[in-house]
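Okay, structure first, notes after.
The values are calculated or read from the model by the stated rules, or taken from the named source; none is laboratory data. Everything numeric in this text was worked out from a predicted model, so none of it was measured. In this analysis, Cβ positions are derived from the backbone assuming ideal geometry, glycine residues included, and neighbour counts consider all displayed protein chains.
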Amino acid sequence: MIKKFFPFVLVLCVGLILSVTPISASKAASGDKVWREIDNTPSSQTESLMTSDDYKTFRLDKTLLRSILEQAPLEFGKSPLESAATATEAVILTLPLPDGTFSRFSIKESPIMEAGLAAKFPGITTYIGEGVDNPGAVTRFSLSPTGFRAMILSAAGTIIIDPSAKDNTENYISFDKANASRNDPFICKFNNEFANLAKTDFENISELNFPSVSNGTMLRTYRLALAATGEYTNVFRFVGDTDAQAKARALEQQIIIMNRVNGIFERDLAVRMILVANNDSIIYTNSATDPYTNNNGDAMLAQNQTTLDETIGTTNYDIGHVFSTGGGGIASLRVPCSPTSKARGVTGRSNPIGDAFSVDYVAHEMGHQFGANHTFNGTVSGCGGNRSGSNAYEPGSGVTVMSYAGICGNQNTARNSIDTFHVRSLEEIITFISNSITGGSCPVNIQTANSVPTVALVGAAFFNVPKQTPFTLSAVGSDLNNDSITYDWQQYDLGGSTTAVPNTDSDGTARPIFRSYVPRTDGMRTFPSLQYILDNANAPPATTITNGIVLLTGELLPAISRTMNFQVVARDNRAGGGGVNTATVQVAVEGNSGPFVLTAPNSSVTLNGGSSQTVTWDVANTTAAPINAANVRILLSTDGGQTFPTVLANSTANDGSETITLPITTTTTARIKIEAVGNIFFDISNVNFTINTTEPRKSPFDFDGDGKTDLSIFRPAVGEWWYLRSSDGGNGAVQFGSSTDKIVPADFTGDGKT
């Protein structure tokens with residue numbers, strides 16, 4: 001629901017200069033008329049300092065938006081504006097997408113401020129939503145004096161909706177985070193001083209064995225005391241602002257950031273942080289008199305603990321953090337609920353706004369506070385000196401929340417983090433918050449009636465495969481609440497560090513060689529990604545170029561004997577408290593076998609549909625123990641290897657050769673796939689070939705369909721033909737003609753002669 005603004009909100013609107021952008025008559029509008037696409041502005045620069053060449057600009061009807069949101073019920077109770085009969089009915093709101101289309105969401109108001117704080121700042125409201133058109137999508141957005149800001153999380157990636165320019169509350173851009181980049185580095189100075197507080201309030205934490213992940217039947221809410229240095233507050237101060245107005249602006253920005261952070265923590269961990277009622281008392285406006293050393297994160301750890309304990313009261317918050325404009329990020333490990341260390345978290349950036357600040361910085365540092373270590377295996381540039389050897393599960397810089405995406409030089413696998421935690425991080429955090437003595441001792445737990453999704457492997461939990469050969473892992477899940485499940489396959493292997501290309505094992509060192517990606521709606525993942533099989537003959541390039549930036553590919557088939565572990569994370573994507581579950585499979589690579597390679601057809605040949613062809617492959621010792629692949633299946637694709645719906649041989653001996661019959665079809669993008677029966681490895685033709693449907697000219701009087709003329713005699717008395725079949729020597733009769741027919745010369749061969 002929307003409340004009336006306090007007077008300070010009116011001041012925020014004075015003097016705003018909005019650009020006038022023409023609306024093209026051909027541009028689309030959302031079904032609820034809240035959004036209308038307009039012409040893009042010349043620059044893709046947004047207030048978030050993330051630039052993207054692939055975005056759309058939309059004009060927001062703020063009056064209509066507010067009229068819809070006034071009807072939104074509270075997440076865990078009815079809105080005062082609604083009757084009890086409709087209290088649980090969410091409202092439908094449409095959000096704009098980067099391709100110019102719109103998607104509907106079921107919306108409820110979801111406060112992240114305690115009631116006392118919300119009453120002081122009624123112009124700041126936050127909402128949560130589940131996809132209607134895309135049931136697996138979840139959104140969190142905020143509406144405040146400086147505008148509307150949203151984050152949509154789905155299997156298609158993360159979509160950001162931000163003002164098109166600073167101070168523009170009318171026009172917004174929608175862009176895919178994957179197509180955006182940030183323009184400044186960030187270093188996390190991880191502090192493990194309080195990592196193992198055994199024998200105190202974190203007894204035996206260091207001895208825990210992290211189990212498989214299963215979480216999400218309740219939402220754990222932690223009271224967050226979020227301080228701000230005077231330097232941070234003054235980033236948002238307008239000329240002429242009073243301290244109270246500057247403080248209100250800083251709090252607004254804190255809410256915008258934490259709303260996005262909560263979206264990630266809720267989906268992956270069923271954790272929410274709620275700002276305490278007197279949080280405004282720790283937002284400082286004078287850098288000369290505040291209790292913080294703004295550019296020294298190490299010093300601010302202790303300063304924040306002391307400040308929050310004295311100002312908020314140690315019993316009145318569960319986790320503390322401070323935003324600054326310098327000093328980078330630093331946090332202590334596993335500290336929420338600890339009376340002596342729960343405020344030890346700092347995030348500082350010169351321009352502390354936008355999605356990169358929310359995810360790569362704040363969510364990362366708070367991830368440390370909740371128990372997660374760094375997950376990257378890189379060792380150069382920003383990664384140097386910050387690698388956690390016992391948690392280095394991601395190649396190079398890594399890409400998940402606890403990685404160093406974008407700051408590890410030639411070991412970067414991505415420019416920004418994706419909005420998911422690695423399964424190792426999930427294990428660490430969920431173990432911590434589930435412990436009633438430590439991280440589970442202070443949150444308020446809200447029963448959400450959510451059920452944890454189930455997930456099961458398709459096939460065995462262990463496979464032997466040849467080296468340098470593609471393979472596919474599969475899982476299937478279900479959910480009692482009928483929530484839409486997404487799947488996230490991740491390699492789960494520690495590895496030796498390296499200063500060379502970090503995702504190779506060809507030097508004999510077993511290390512992580514497959515990067516993580518955003519979750520997807522099907523439970524399959526092929527290693528390496530299909531594009532590298534089809535375009536690169538199973539050998540991904542060491543680097544790729546994305547929007548002009550060279551990145552480590554982060555995928556490479558194993559070249560040595562080793563056992564690789566993979567975990568699939570199933571998420572039910574329940575808004576406001578998601579459920580997760582995992583399953584594990586081992587893949588043992590046999591270094592004396594492989595690569596298993598399809599050898600023909602393996603060039604851009606043209607073949608006739610209906611013809612017999614010989615498929616050949618290099619068995620590469622895959623019939624021998626321990627692989628024991630006795631049989632293979634041969635499949636055909638007509639769409640360039642994207643799908644293989646046609647079975648040419650369902651199960652035939654793995655002997656390197658098989659004669660098959662091509663279907664009568666026309667395609668220029670045919671590929672053959674040969675896969676081991678009862679195993680996960682396979683190979684695909686390196687290039688497309690053509691299948692031609694031109695049928696051969698049929699022979700005259702070919703009664704048995706073998707393409708040859710059968711000896712035949714006409715009996716005019718009864719009007720029938722007697723024939724001798726060329727295929728098997730048998731004979732028969734067929735009624736054709738009548739007793740009045742006459743035999744005349746005929747041209748059977750088409751050469752113009754009788």
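All of (1) surrounded by 20 or more Cβ atoms within 10 Å (Cβ to Cβ); (2) at pLDDT 95 or above hold for residue 114 with one exception: (1).
Answer yes or no: is there a residue in region 401-411 that is touching a strand residue (DSSP E or B) at 6+ places or on another chain (Cβ under 8 Å) and surrounded by fewer than 21 Cβ atoms within 10 Å (Cβ to Cβ). The answer is yes; a qualifying residue exists.
Got at least one residue in region 520-537 being touching a Pro at 6+ places or on another chain (Cβ under 6 Å) and of a type in the set (Ser, Thr, Tyr)?
Just the residues of region 520-537 that are touching a Pro at 6+ places or on another chain (Cβ under 6 Å), to begin with: 528, 532-533.
Subset that is of a type in the set (Ser, Thr, Tyr): 532.
Yes: region 520-537 contains one or more residues that are touching a Pro at 6+ places or on another chain (Cβ under 6 Å) and of a type in the set (Ser, Thr, Tyr).
Test residue 282 against the stated conditions and say whether it is under 30 Å from residue 575 (Cβ atoms), crowded, with 21+ Cβ neighbours inside 10 Å and at pLDDT 95 or above. Considered against the rule, which asks whether it is under 30 Å from residue 575 (Cβ atoms), crowded, with 21+ Cβ neighbours inside 10 Å and at pLDDT 95 or above, residue 282 comes out as yes.
Residues of region 654-661 include none that is assigned to a strand (DSSP E or B) and buried (at least 21 other Cβ atoms within 10 Å of the Cβ). When 441, 484, 436 are checked against the criterion of being in contact with a Cys (Cβ under 7 Å, 6 or more places away or on another chain) and either among the hydroxyl-bearing types (Ser, Thr, Tyr) or farther than 29 Å from residue 180 by Cβ (or both), 441 stands alone in meeting it. Figure legend. Inter-residue proximity from region 438-452: first residues in contact (Cβ under 8 Å) with a residue 24 or more places away in the chain and more than 11 Å from residue 76 (Cβ to Cβ), second residues assigned to a strand (DSSP E or B) and among the small types (Gly, Ala, Ser), beta-carbon distance below 7 Å, spacing 6+ or different chains. Indicated pairs: 452/214. Taken over region 605-625, residues that are over 35 Å from the mean Cα position of the chain (by Cα), assigned to a loop (DSSP other than H, G, I, E, B) and of a type outside the set (A, V, I, L, M) amount to 5.
Condition check: in contact with a Phe, Trp or Tyr (Cβ under 9 Å, 6 or more places away or on another chain), of a type in the set (Val, Ile, Thr) and either more than 18 Å from residue 32 (Cα to Cα) or outside any strand (DSSP E or B) (or both). Does residue 94 satisfy that?
On the way: in contact with a Phe, Trp or Tyr (Cβ under 9 Å, 6 or more places away or on another chain): yes; of a type in the set (Val, Ile, Thr): yes; either more than 18 Å from residue 32 (Cα to Cα) or outside any strand (DSSP E or B) (or both): no.
Answer is no for this residue.
Would you confirm whether any residue within region 427-448 is under 18 Å from the mean Cα position of the chain (by Cα), of a type in the set (Gly, Ala, Ser) and either modelled with pLDDT under 95 or buried (at least 24 other Cβ atoms within 10 Å of the Cβ) (or both)? Show your work before the answer.
Kept after step one, since they are under 18 Å from the mean Cα position of the chain (by Cα), are these residues of region 427-448: none.
No: zero hits.
So which residues in region 329-366 are of a type in the set (Gly, Ala, Ser) and either in contact with a His (Cβ under 9 Å, 6 or more places away or on another chain) or under 22 Å from residue 159 (Cβ atoms) (or both), if there are any at all? Correct list: 329, 331, 332, 343, 345, 354, 356, 358, 363.
Here are some residues: 356, 363. Which one is of a type in the set (Gly, Ala, Ser), under 23 Å from residue 221 (Cα atoms) and in a helix (DSSP H, G or I)? So that I can check it myself, show each step before the final result.
On the way: 356 fails: under 23 Å from residue 221 (Cα atoms).
Being of a type in the set (Gly, Ala, Ser), under 23 Å from residue 221 (Cα atoms) and in a helix (DSSP H, G or I) holds for just one of 356, 363, which is 363.
The set of residues from region 301-350 being under 17 Å from residue 274 (Cα atoms), in a loop (DSSP other than H, G, I, E, B) and over 33 Å from the mean Cα position of the chain (by Cα) comprises 314, 315, 316. Does residue 620 fit the bill of being within 17 Å of residue 471 (Cα to Cα) and either at pLDDT 95 or above or surrounded by fewer than 18 Cβ atoms within 10 Å (Cβ to Cβ) (or both)? It is true that residue 620 is within 17 Å of residue 471 (Cα to Cα) and either at pLDDT 95 or above or surrounded by fewer than 18 Cβ atoms within 10 Å (Cβ to Cβ) (or both).
Quick test for you: out of 154, 106, 164, pick the one residue that is closer than 28 Å to residue 524 by Cα and of a type in the set (Gly, Ala, Ser).
Values: 106 fails: closer than 28 Å to residue 524 by Cα; 164 fails: closer than 28 Å to residue 524 by Cα.
Going through 154, 106, 164 in turn, the sole match is 154.
In the set (1) crowded, with 24+ Cβ neighbours inside 10 Å; (2) β-branched (Val, Ile, Thr); (3) in contact with a Gly (Cβ under 7 Å, 6 or more places away or on another chain), residue 380 fails one condition alone, (1).
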